[in-house]
Protein chains: 2
Amino acid sequence: MLAAEGELATVAIGDVHTEAGAVIEDAHIAYRRWGVPRGDLAGKNNILLIEHALTGDSDAADWWCEAIGPGKALDTDEWCVICTNALGSCYGSTGPASEHPDGGVWGSRFPAINMRDMVHAEHAFLEALGIGRVHAIIGGSMGGARTLEWTLLYPETVDYALVLAVSARASAWQIGIQTAQITSITQDPDWHGGDYHGTGSAPNAGLAAARRIAHLTYRGELEIDERFGTAAQSGENPLGQFRADGERFAVQSYLEHQGKKLTERFDAASYVTLTEALNRHDVGRDRGGLNKALASSTVPTMIVGVDTDILYPYHQQEHLSRNLGNLLAMAKLSSPVGHDAFLVEARQMDRILRNFISLTHETPSAREVAAERGAYDI
Amino acid sequence: MLAAEGELATVAIGDVHTEAGAVIEDAHIAYRRWGVPRGDLAGKNNILLIEHALTGDSDAADWWCEAIGPGKALDTDEWCVICTNALGSCYGSTGPASEHPDGGVWGSRFPAINMRDMVHAEHAFLEALGIGRVHAIIGGSMGGARTLEWTLLYPETVDYALVLAVSARASAWQIGIQTAQITSITQDPDWHGGDYHGTGSAPNAGLAAARRIAHLTYRGELEIDERFGTAAQSGENPLGQFRADGERFAVQSYLEHQGKKLTERFDAASYVTLTEALNRHDVGRDRGGLNKALASSTVPTMIVGVDTDILYPYHQQEHLSRNLGNLLAMAKLSSPVGHDAFLVEARQMDRILRNFISLTHETPSAREVAAERGAYDI
């Protein structure tokens, strides 16, 4: 019933009703799976659900290859690792570039979504697979935001959680820099109000510009400076008599390359949709505020931050740790790399993931604690 | 001979030959003056030269009103305060929007300049006024970069220097984020290759977008978050079923306001010129590298940084302090405001400026030290 190991598969989840009141009819969630599920799919089992970041996909064994696989920290000989593609993305799950049930592409008909909408879709996906509970959910950045929402929306489904490099809500600075990226795309003449699919062109100049800005928030300034400093791009002279687009500093060339690479693999409307979803990230909304929402969390949750993260500064993870109702542990990645350290610092992440897995064996889940109190069956 | 107190005046400085080999013919530098010059204009006197930041102007008694004036830290009853408008700017000094000697506006004919070119122009300006030496030069951000170059290009002209919130060279991160701003302007359809002056339109959408990004680097993320958090702009709903440009978070509205305000007072081509000049900031170029250049500095220089500065992180001022050949003192502004703290934290700046002035009275200048050694007359 599960997809073949490592193969992309898609599950129909019916209609998704967004928190804001829109409907995404006949939605699908794409996923991949590694390892064999063991135990009770509706109870105690060996399933780990991985949540990817903004432009990630379900191929976690690729983008997190040091973390996932036989003998790795998330050992696929022991664990069944499942990674979904987020609702709104463009790697198989329903998003603005997907076909609309009424014909054509969703385009501008695709509504704004938030982290909760994405988690509801993933919950429906697990239900469709007959999975009623998972051992742990693990995610960084946008994946961390979804993981946090999982622990608050469906605590009975999640035994443990690991939340990396994210905050309890979007900060005003994040909304500012993210909106700059959205505007860069929507002001591209090829945006066509979001209905450029099928026109033969796409707002790729805007998407590349957005990515260049974003990349500077994903990487620590120390790391970027160590790599490029004020060096000129090979064969170009950025110090000439007149400024010229083709005469660049090395860092410009690097950022342009990052931007171009993204346009070759990612849909601009999905980028807008997911970035807007990050703008709307706020675990406190309609839950009596941030700290009350966090305090109500019962799922044992480990929080990890990066000391040089510009986008989600470490104080935001300290805030999560101080306020979460059931803090499993806290760890800091020490790295010049910045936000992306959770993807890049393989050795440190290996220790953190192994520690997390071991803590989940040593610590009773919320459900086990409740069972001891006679509240419900385990 | 000097301009009337507080009045804008312009001084012809002849041709400026840029380091890259271009010529700006018949250049002018605009300035304002407060207080009466005393002492020997070619020697020991009471002149303080103020260097403004990127979009600043010569009206330092306005933008630094808490610092400059009778009884203030830079007491105009005691000191003669002079503030130039930078070469390339649009407040009276020659820049891309100025008239070209051959007719029309400079536009794309205005060459790329760097901090050294700007300082050479200011030196010619002082010479034109018959001023051979100043007691101190004081500047923050782009003004700090010019002040640093002053101490290396014309150490015999500067008795003391105060350098605020800047680095010894552009970092790769700064070049990246600054280039994003330049590109935002040059990709605006109204840019016309830099020759939009006189077309009746201007790349103001691009300029506003550049400013929105820049503003997020001028302000600390804590301060912006304290002010706006995830609040909606009054009367708008940023959480609706669909993303809409007119339904904004409060921080978006704030940033749009900042962007629009700049377009009403600043020329886009000047913004490109000065931002490019910041990209080219590197005191180490052609001086045997950064640390050798800093070590060669003889002018007693005080360095100030801001603990929450995203744009010029504090470690960059620590680097200056560690390497400068003649460090007068080091101070840190402690503020949630970020980079702009040197303009905003009036109380702390008052203490720093008073301390600086007093240190200049207590500490021999490089010229005085040399005179003691019999090297040249004082």
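Positive end of the charge dipole of the stretch A:1-85 (Lys, Arg +1 and Asp, Glu -1 on Cβ, about the Cα centre): tell me which of A:Gly56, A:Val16, A:Gly39 has its Cα farthest that way.
Value: A:Gly39.
Within 10 Å of each Cβ of B:270-282, how many other protein chain Cβ atoms are there on average?
2
As an exercise, use a Förster radius of 25 Å and the Cβ-Cβ distance of B:Glu156 and B:Glu362 to find the FRET efficiency, rounded to the nearest 0.05.
Efficiency at R0 = 25 Å is approximately 0.70.
Quick one: label points 7 angstrom along Cα→Cβ at B:Glu318, distances to the other copies in nm, smallest first?
In ascending order, 1.6 nm.
Work out the FRET efficiency for A:Phe242 and B:Ala42 from their Cβ-Cβ distance, taking R0 = 51 Å, and round it to the nearest 0.05.
0.85
Expressed in nm², what is the orientationally averaged projection area of the convex hull enclosing the Cα positions of the stretch A:5-158?
8.4
What nm distances, shortest first, do you get from the label point of B:Arg287 to those in the other copies when the point sits 7 angstrom along Cα to Cβ?
5.4
With point charges of +1 on the Cβ of Lys and Arg and -1 on the Cβ of Asp and Glu, referenced to the Cα centre of the stretch A:95-166, which listed residue (A:His123, A:Thr157, A:Ile113) lies farthest in the positive direction of the dipole?
Sorting the options by dipole projection puts first A:Ile113.
Once you have a ≥ b ≥ c as the square roots of the Cα gyration tensor eigenvalues for the stretch A:91-203, tell me rounded if a/c is under 1.5, and otherwise prolate or oblate according to whether a/b is larger than b/c.
Note, shape of the stretch A:91-203 comes out oblate.
What is the dipole size for the stretch A:219-302, taken about its Cα centre, with +1 at each Lys and Arg Cβ and -1 at each Asp and Glu Cβ, in debye to the nearest 20?
380
Please report how far the C-alpha centroid of the stretch B:270-331 lies from that of the stretch B:186-221, rounded to the nearest whole angstrom.
27
In debye to the nearest 20, how big a dipole does the stretch A:55-96 give about its Cα centre with +1 on each Lys and Arg Cβ and -1 on each Asp and Glu Cβ? Mind dumping the intermediate values first?
Details: 1 positive and 7 negative charges, 37 e Å.
It works out to roughly 180 debye.
How big is Rg to Rh over the stretch B:237-283, alpha-carbon atoms, Rh as the Kirkwood inverse-mean-distance radius?
Numbers: Rg = 16.3 Å, Rh = 13.3 Å.
Computed over Cα atoms, the ratio is 1.23.
Going out from 0 in 10 Å bins, what whole percent of all Cα-Cα distances in the stretch A:200-276 drops into each bin?
In whole percents, the pair-distance histogram is 18, 42, 30, 11, 0.
Enter the mean number of other protein chain beta carbons within 10 Å of the beta carbon of each residue in A:241-251, as an integer.
6
What fraction of the Cα pairs in chain A, stated in percent, has a spacing above 38 angstrom?
Values: 12321 of 71253 pairs.
Of all Cα-Cα pairs in chain A, 17 percent lie more than 38 Å apart.
Spin-label point model (7 Å from Cα, Cβ direction): what's the B:Cys65 to A:Arg347 distance in nm?
Spacing of the two 7 Å Cα→Cβ label points: 5.6 nm.
Taking 1 over the mean of 1/r across every pair of different Cα atoms in the stretch A:32-116, what Kirkwood radius in Å do you get? Provide the component values of the computation, followed by the final result.
Numbers: mean 1/r = 0.0690 Å⁻¹.
After inverting the pairwise mean of 1/r, the radius is 14.5 Å.
Answer rounded, prolate or oblate for the stretch B:27-71, using the Cα gyration tensor with square roots of eigenvalues a ≥ b ≥ c: rounded when a/c is under 1.5, else prolate when a/b is larger than b/c, else oblate. Can you show the working numbers first?
Working: a/c = 2.49, a/b = 1.31, b/c = 1.90.
It is oblate, given that a/c is not under 1.5 and a/b is not larger than b/c.
So what is the calculated 222 nm ellipticity per residue for the protein assembly as shown, using -39500 (n - 2.57) for each DSSP H run with n of 4 or more, over all residues, to the nearest 500 deg cm²/dmol?
About -11000 deg cm²/dmol.
Computed over the Cα atoms of the stretch B:239-378, what is the ratio Rg over Rh, Rh following Kirkwood?
Result: Rg/Rh = 1.12.
In the stretch B:245-335, which GluC sites (Glu not before Pro) are in a loop and have at most 10 other Cβ atoms within 10 Å, using DSSP for the loop call?
Those that pass, being in a loop and sparsely packed, are B:Glu264.
Could you let me know the centre-to-centre spacing of the stretch A:1-73 and the stretch A:348-362, using Cα atoms, in angstrom?
One Cα centre to the other: 21 Å.
So what's the net charge close to B:Leu74: Lys and Arg +1, Asp and Glu -1, counting the other residues with Cβ under 12 Å from its Cβ? Before the final figure, lay out the partial values.
On the way: positive: B:Lys72, B:Arg354; negative: B:Glu66, B:Asp75, B:Asp77, B:Glu78, B:Asp350.
Charge balance near B:Leu74 sits at -3.
When the dipole is taken about the Cα centre of chain B, and only Lys, Arg (+1) and Asp, Glu (-1) are charged at their Cβ, what size is it in debye, to the nearest 20?
It comes to approximately 760 debye.
At a Förster distance of 45 Å, what's the computed FRET efficiency of B:Asp195 paired with B:Leu2, Cβ-Cβ distance as r, to 0.05? Kindly include the intermediate steps, with their values, before the conclusion.
Numbers: r = 36 Å, r/R0 = 0.81.
Efficiency computed from Cβ-Cβ geometry: 0.80.
What are the distances, in nm and sorted shortest first, from the label point of A:Pro70 to the label points of the same position in each other copy, with each label point placed 7 Å from Cα along the Cα-to-Cβ direction?
In nanometres, ordered from closest: 8.7.
Please compare each pair in A:Lys44/A:Lys72; A:Lys292/A:Lys332; A:Lys72/A:Lys332; B:Lys72/B:Lys260 to a cut-off of 27 Å on the Cα-Cα distance and tell me which ones are over it.
Among A:Lys44/A:Lys72; A:Lys292/A:Lys332; A:Lys72/A:Lys332; B:Lys72/B:Lys260, the Cα-Cα distance tops 27 Å for B:Lys72/B:Lys260.
For labels at A:Arg373 and A:Leu327 in the simple 7 Å Cα→Cβ model, what's the distance in nm?
Result for the modelled spin labels: 2.1 nm.
Could you give log10 I(q)/I(0) at q = 0.05, 0.09 Å⁻¹ for the protein assembly as shown, computed by the Debye formula over C-alpha point scatterers of equal weight, without solvent?
Rounded to two decimals, the profile gives -0.29, -0.84.
Per residue of A:40-51, how many C-beta atoms from partner chains lie within 10 Å of its own C-beta, taken as a mean?
Other-chain Cβ atoms within 10 Å of each residue's Cβ, averaged: 0.
What distance in nm separates the simple spin-label points at B:Tyr314 and A:His257, each placed 7 Å from Cα in the Cβ direction?
3.4
Based on the alpha carbon coordinates of the stretch B:277-332, what radius of gyration and maximum Cα-Cα distance (Dmax) apply, in Å?
Over the stretch B:277-332's Cα set, Rg and Dmax evaluate to 11.6, 32 Å.
Bear in mind that the values in this text are calculations on the coordinates, not laboratory data. Small disclaimer: the values here were computed from a predicted structure and weren't measured. All Cβ positions, glycine included, derive from the backbone under ideal geometry; neighbour counts span all protein chains shown.
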